[in-house]
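Here is the structure we will look at, set down as structure tokens.
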Amino acid sequence: MEMEGFAPSGSREAELLQKIDESRLPRHLAVIMDGNGRWAGSRSLPRVAGHRAGIESVREIVESSARLGMEALTLYAFSVENWKRPRSEVRTLMALLKKYLRQELGQIHANNIRFLAIGRIRELEASVREELRHAMRVTAKNTGMHLYVALNYSGRAEIVDAFNLLLRERRKNGDTAPVDEEAIARRLYTSAVPDPDLLIRTSGEMRISNFLLWQIAYSEIYITPTYWPDFRRLHLLEAILEYQKRDRRYGGIQAPCEGKP
Ligand code: FPP
């Protein structure tokens, strides 16, 4: 595909971009950003230096995904399990998130991106909640890419939340009809967008770690050894190309190629 100003001509990024089929981009990309601590450790730096460097990757992947024309990007920034980390690390992660939003909101808004925090947001500290609400309010009417940032997130808790919401509504309406998949899917945090086509996990771990459990039922999974702070536009393009080589069957058989007898 062609895209002016995306990558300098002659660069590896430009070469990869040429090979990408614009009509088969993932509509929704989900990312488990892992390896910040190891990135820092391999440079004898404190773990928080890895998170700080990881912000640069967030900035580049958000901008690149929006420019490529994706409908949604979901980033796993803080799981319910992450509270077990040292208090100072948790504090730094929250501070970095606030800093990112303060610095990037203008650009996010200018790129017509809609920012949404997902997870049990009410359990976060007030100053973080305020920053998130502000970003959501400012970008609420944007019509471009949905940027979901998962915070205090758990895939199981998301399904429980959807179920409880459904139960409350049913009690109110006196509805006793059987529940179907659609009823749950419509109450998930990401119900406004299609399920992820592609799930990327950085730093080589072969786990899902309680991320978007319902939504990734048919997602293609791409695991790269690259640590998150090193994962940039080039790596995103590599992942998309690999995704475009996959044969997605959704449990069926290979579709016959169009135009072939
Ligand atoms: C995983 O690395 C990364 C995280 C737990 C946090 C990701 C958060 C950011 C990049 C910053 C804030 C986010 C946004 C969206 C602005 P790890 O610490 O688990 O690495 P390790 O497995 O090597 O220890």
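From the mean inverse distance of alpha carbon pairs (Kirkwood) and the Cα radius of gyration, derive Rg over Rh for region 69-174.
Details: Rg = 15.3 Å, Rh = 15.0 Å.
Rg divided by Rh gives 1.02.
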Query raised in the report: Dipole size in debye (nearest 20) for the chain around its Cα centre, Lys and Arg Cβ +1, Asp and Glu Cβ -1?
Result: 980 debye
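Can you give the net charge of the other residues whose Cβ lies under 13 Å from the Cβ of Arg187, counting K and R as +1 and D and E as -1? It would help to have the intermediate numbers written out before the result.
Working: positive: Arg168, Arg170, Arg186; negative: Glu158, Asp161, Glu169, Asp180, Glu181, Glu182.
Net charge in that neighbourhood comes out at -3.
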Report summary line: Mean Cβ-within-10 Å packing, highest first, puts peptides 193-204, 135-146 in the order 193-204, 135-146
Report summary line: Whole-percent carbon and sulfur contribution to the accessible surface of region 28-97 (1.4 Å, no ligands, DNA or RNA) stands at 53 percent
Report summary line: Per DSSP, the loop-located GluC sites (Glu not before Pro) within region 72-144 having at most 16 other beta carbons within 10 Å are Glu125
Query raised in the report: Picking from Asn142, Ser23, Gly106, whose Cα lies most toward the positive end of the charge dipole for the chain (charges on Cβ: Lys, Arg +1; Asp, Glu -1)?
Result: Gly106
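Could you work out the helix-only [θ] at 222 nm for the chain, with each DSSP H run of four or more residues adding -39,500 (n - 2.57) and the total divided by the number of residues, to the nearest 500 deg cm²/dmol?
Working: 8 runs with 111 residues, N = 261.
Dividing the helical sum by the residues of the chain leaves -13500 deg cm²/dmol.
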**Report entry** Charge dipole (region 1-136, unit charges on Cβ, about Cα centre) - positive-most of Ala77, Phe115, Val90
**Finding:** Val90
Report task. Name all residues of region 107-131 having a backbone nitrogen under 19 Å from the label point set 7 Å from the Cα of Arg87 along its Cα→Cβ direction, giving them as ranges. Result -> 123-128
**Report entry** All aspartates and glutamates inside 12 Å of Lys98 as judged from Cα atoms, apart from same-chain residues fewer than 8 positions distant
**Finding:** Glu125, Glu130, Glu131
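Which chymotrypsin sites (Phe, Trp or Tyr not before Pro) from region 158-261 combine a DSSP loop assignment with at most 13 other Cβ atoms within 10 Å?
Working: sites: Phe163, Tyr189, Phe211, Trp214, Tyr218, Tyr222, Tyr227, Phe231, Tyr243, Tyr250; in loops: Tyr189, Phe211, Trp214, Tyr218, Tyr227, Phe231, Tyr250.
Counting only loop positions with at most 13 other Cβ atoms within 10 Å, the chymotrypsin sites (Phe, Trp or Tyr not before Pro) in region 158-261 are Tyr218, Tyr250.
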**Report entry** Cα→Cβ-extended label distance, 7 Å offset, between Lys141 and Tyr250, nm
**Finding:** 3.5 nm
Report summary line: With a Förster distance of 22 angstrom and the Cβ-Cβ distance between Asn112 and Arg59, calculated FRET efficiency to the nearest 0.05 equals 0.85
Report task. Indicate the gyration tensor shape class of region 120-257 (rounded, prolate or oblate), computed on the Cα atoms with a ≥ b ≥ c the square roots of the eigenvalues: a/c under 1.5 is rounded; otherwise a/b larger than b/c is prolate and the rest oblate. Result -> oblate
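When a/c reaches 1.5 or more, the comparison of a/b and b/c decides; with that in mind, is region 12-114 rounded, prolate or oblate per its Cα gyration tensor? Before the final figure, lay out the partial values.
Working: a/c = 2.12, a/b = 1.66, b/c = 1.27.
Judged from the Cα gyration tensor, region 12-114 comes out prolate (a/c at least 1.5, a/b above b/c).
How much accessible area per residue does the chain have, in Å², with a 1.4 Å probe?
Details: 13960 Å² over 261 residues.
Ligands and nucleic acids excluded, the figure is 53 Å² per residue.
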**Report entry** region 102-150 - Rg and Dmax from Cα coordinates, angstrom
**Finding:** 10.6, 30
Report summary line: For region 150-261, the charge dipole (Cβ of Lys, Arg +1; Cβ of Asp, Glu -1; about the Cα centre) points to a positive end, and the Cα of Leu199, Phe231, Gly174 closest to that extreme belongs to Gly174
Query - Charge dipole magnitude, Cβ of K and R +1, D and E -1 - region 70-175, Cα centre, debye nearest 20 - result: 300 debye
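Could you calculate the contour length gain from Lys19 to His134, that is, 0.36 nm times the residue separation minus the distance between their Cα atoms, to one decimal place in nm? Walk me through the numbers on the way to the answer.
Values: separation 115, 0.36 × 115 = 41.40 nm, distance 3.89 nm.
Working it through step by step, the gained length comes to 37.5 nm.
Apply the Kirkwood formula to the chain: the hydrodynamic radius equals the inverse of the mean of 1/r over all pairs of different alpha-carbon atoms; give it in Å with one decimal.
Working: mean 1/r = 0.0508 Å⁻¹.
It works out to 19.7 Å.
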Query raised in the report: Which GluC sites (Glu not before Pro) in region 1-56 pass both tests, a DSSP loop state and at most 15 other beta-carbon atoms within 10 Å?
Result: Glu2, Glu4
Report summary line: Contour minus Cα-Cα span, Glu125 to Glu4, at 0.36 nm per residue, comes to 39.4 nm
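The values are calculated or read from the model by the stated rules, or taken from the named source; none is laboratory data. This one's a predicted model, so the numbers in the text were calculated from it and none came from an experiment. When we count neighbours, we look across all protein chains shown, and the Cβ atoms used for this are built from the backbone with ideal geometry, even at glycine. Accessible surface areas use protein heavy atoms only, side chains included; no ligands, DNA or RNA. Shrake-Rupley method; radii C 1.70, N 1.55, O 1.52, S 1.80 Å.
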